[in-house]
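Comments concern the structure below.
Rule-based calculations on the coordinates, nothing more; no lab input. Because the structure is a prediction, the values reported are computed rather than measured. Heads up, the Cβs are rebuilt from the backbone with ideal geometry, glycines too, and the neighbour counts pull from every protein chain shown.
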């Protein structure tokens, strides 16, 4: 299809969308000039991050008016995420007006009873269907949206279903007790709040429907259905596979895992423990049902020139066949090339996004950002890595990776730090501990507790917490529930529980006891001790909602 174009205004990861389209056998051309929009036969407009940034970019680059003209021309159009929100009159996120194609504005989710951003997999409820006598060849009105499937959402603001726009609404979704617009369709316009390219094969099937169909639906063939607000939403818990990646002694990239950060073999050889190749292992986990894949660049190749970072190639290759969100962590900081050129963390993150990452995970630098935040009197300066990345790519793109360890005290009065009563008694019978934040891969402790860190990072703009526990790492003894529960109660952004999973029961326990949005594991998946499919089946049987394992493209 030579006339297929993509409008990219420069925010976030569009490589995954291009890869999904290529996977379906199509090529796509990027809009490089406003005049390109008029010559497109089909146009896709993806967007992530801030609504105001997107609209300012459209107007600054001269795209806004040609885009409205294209939509008015009747040619097929598809918007994704912020690309859908820009069709509305505006958003509470910004004073910038939207394109005004659809009545209504996007509003922020209420975070008093649930985490915001809304980040994860959710079911959609169709609000339109074809009349029985119209079930013929041509474009399906639902574009293959399936109520039995789940789709990947990541946003803090959402358009609401109102009387003035109900003829536009193709599907709704529910998060907590809030019903919102998940997809719109009218005549030649189709758009989704969720990311099809990150929604597994179910999402790729939606892209296929837009690419292969006419892209135009006759409204006279449609029956409207009133959305039903449910007593409980259909948001699912995420199971995340983590791959610790480093170079071995031969210079090959391998997935490794050790006990307490020791990744070398201890019997017969002192080689780096090799549990597989990162790209191949990530694909296997995707096919087994992982809801996300996280790559952590550990202890090696962090000081490479920006253009030669090996993880860039890993992400590029992985995103060609893995259609779920990808996170990259380790080394997201200022990088200095051999010639002295300094690349700030913001620029490093941008390279990862353009290579296929959806989120970056910040570890040691997050602690330094929090220390600066408190040193500045609890004020944002706009200069930290968290702030600069979140400003351009959205808070949902910034994950804070926390590596705390227990510091035992006999009584909470012995420390100014936030303490918990721990089920693991200290070496001298202490019942209480506080969790000290560490940097440099856990090698250096700082005078900051985990609650101080996560609350500061949320204020700075982080959108998610990846919560590890050094005392649990590699033990297979279960998650550190006291730590996880205290952090979950301290922030209103999503929390991923990590470190210690050893049985399927551990996943159910952490979801039921702490309410976290996701749970992550590494070694037990790598070593085939606990398959991802077994985890998802057990969690589902226990009454905790999870995404069904995906099927191949239709």
Quiz item: Helix 364-375 versus the longest principal axis of the chain: what angle, 0 to 90°, nearest 10, using Cα atoms?
Solution: 90 degrees
Exercise. Report the FRET efficiency, 1/(1 + (r/R0)^6), for residue 214 and residue 284, where r is their Cβ-Cβ distance and R0 is 30 Å, rounded to 0.05.
Key: 0.20
Quiz item: Under a plain spin-label model, where a point goes 7 Å from the Cα along Cα-to-Cβ, how far apart in nm are residue 549 and residue 391?
Solution: 4.6 nm
Exercise. Determine, for each peptide in 282-288, 150-156, the mean count of other beta carbons within 10 angstrom over its residues, then list the peptides with the highest first.
Key: 150-156, 282-288
Quiz item: To the nearest 0.05, how large is the calculated FRET efficiency for residue 428 and residue 476 if R₀ is 25 Å and r is the Cβ-Cβ distance?
Solution: 0.45
Quiz item: What angle do you read, to the nearest 10 degrees and between 0 and 90, between the alpha-carbon axis of helix 278-288 and the longest principal axis of the chain?
Solution: 70 degrees
Quiz item: What ranking do 195, 526, 23 get, fewest neighbouring Cβ atoms within 10 angstrom at the top?
Solution: 23, 526, 195
Quiz prompt | Efficiency of FRET from Cβ geometry, residue 73 and residue 2, R₀ 22 Å, rounded to 0.05 | solution = 0.80
Exercise. Please work out whether region 4-224 counts as rounded, prolate or oblate from its C-alpha gyration tensor, where a ≥ b ≥ c are the square roots of the eigenvalues and a/c under 1.5 means rounded, while otherwise a/b larger than b/c means prolate and anything else oblate?
Key: rounded
Quiz item: By how many nm would the segment from residue 113 to residue 177 lengthen if fully extended, with 0.36 nm per residue of separation less the alpha-carbon distance?
Solution: 22.1 nm
Quiz item: How far, in nm, would the chain grow between residue 418 and residue 447 when pulled straight, counting 0.36 nm per residue and subtracting the alpha carbon separation?
Solution: 9.2 nm
Exercise. Using label points projected 7 Å from each Cα along Cα→Cβ, tell me how many nm separate residue 334 and residue 277, to one decimal.
Key: 3.8 nm
Quiz item: Where both partners of a DSSP beta bridge lie in region 287-444, what percent of those bridges are antiparallel, to the nearest 5?
Solution: 55 percent
Quiz item: Antiparallel as a % of all DSSP beta bridges within the chain, to the nearest 5?
Solution: 50 percent
Quiz item: On full extension of the chain, what length is gained from residue 232 through residue 492, given 0.36 nm per residue of separation minus the C-alpha to C-alpha distance?
Solution: 91.6 nm
Quiz item: For region 413-511, what is the percent of antiparallel DSSP beta bridges, rounded to the nearest 5?
Solution: 65 percent
Quiz item: If we count other beta carbons within 10 Å of each Cβ, what is the order of 486, 183, fewest first?
Solution: 486, 183
Quiz prompt | For peptides 398-404, 292-298, sequence by mean Cβ density within 10 Å, most packed first | solution = 398-404, 292-298
Practice problem: Assign one of three labels to the chain, namely rounded, prolate or oblate, based on the Cα gyration tensor with a ≥ b ≥ c the square roots of its eigenvalues; rounded applies when a/c is under 1.5, prolate when it is not and a/b is larger than b/c, and oblate otherwise. | Solution: prolate
Quiz prompt | CD proxy at 222 nm, helix term only [per DSSP H run n ≥ 4: -39500 (n - 2.57); per residue of the chain; nearest 500] | solution = -7500 deg cm²/dmol
Exercise. Please give the helix 532-541 orientation as an angle from the longest Cα principal axis of the chain, in degrees from 0 to 90, rounded to the nearest 10.
Key: 80 degrees
